[in-house]
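Undergrad: Questions regarding the structure given below will be posed in turn.
The values are calculated or read from the model by the stated rules, or taken from the named source; none is laboratory data. Predicted model, so just to flag it, every value in this text is computed and none were measured. Glycine also receives a Cβ, built like all others from the backbone with ideal geometry; neighbour counts cover every protein chain displayed. The accessibility values were calculated without ligands, DNA or RNA, using every heavy atom of the protein model including side chains. Shrake-Rupley method; radii C 1.70, N 1.55, O 1.52, S 1.80 Å.
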Amino acid sequence: MQDFLSHEDTRLSFKDGQRVLIEGKSGSGKSSILDAVVWCLYGKGRVDNRNLVRQTGKKATVELTLKDGGREFRVIRKATNDGKNTLSVEELGDADFAPIPVAGAKNIQDWIEKELVKASYQLFINSVSYPQDNAENFVKQVA
């Protein structure tokens, strides 16, 4: 994450199958880590995209590297203060990452949901994550 919400330059790495607990004081940026994942994958956040850019920054960037079986992908989403957004997905080849053969932001977004994450935004939010202070609704969700 670069200049995303409260994060100037934050890099996190997780091992396969690792369970993670993110702990910290109120306002330290814990929720914005999950916000970054959701925004990078779906382009939706708790706030307007222009408000995602850190106060002293010009452009918010979130990059996720995800593994799907034996394949590895990098999803990169950027937003500027003036509302311009970009989205790209790259797949690791023999030596380096190369763009997937899908053109256009809408088509790339559809590909992410259908081929990579295999979940709509609503399904992801209701099964993988839940908004802060909304545990009660999460527990009541149906399969």
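Undergrad: Which distance in Å, rounded to a whole number, links the C-alpha centroids of segment 1-69 and segment 76-131?
TA: Here the answer is 14 Å between Cα centres.
Undergrad: Mean 1/r over all different Cα pairs, inverted: what Kirkwood radius does segment 1-84 give, in Å?
TA: Radius from the Kirkwood sum: 13.5 Å.
Undergrad: Could I ask something else about it? Quick check on packing: order 84-95, 10-21 by the mean number of other C-beta atoms within 10 Å, highest mean leading.
TA: 84-95, 10-21
Undergrad: Further, regarding this structure: Of the heavy-atom accessible surface of segment 1-101 (probe 1.4 angstrom), what whole percent is carbon and sulfur?
TA: 45
Undergrad: Now for a separate question. With runs of 4+ DSSP H residues as the only contributors, calculate the mean residue ellipticity of the chain at 222 nm using -39,500 (n - 2.57) per run, divided by the residue total and rounded to the nearest 500.
TA: That calculation yields -6000 deg cm²/dmol at 222 nm.
Undergrad: Show me, bin by bin at 10 Å from 0, the whole-percent P(r) of the chain based on Cα pairs.
TA: Final binned percentages: 10, 38, 38, 13, 1.
Undergrad: If the only charges are +1 at each Lys and Arg Cβ and -1 at each Asp and Glu Cβ, what is the size of the charge dipole of the chain around the Cα centre, to the nearest 20 debye?
TA: Approximately 340 debye in magnitude.
Undergrad: Skip the ligands, DNA and RNA, and give the accessible area per residue of the chain with a 1.4 Å probe, whole Å².
TA: 69
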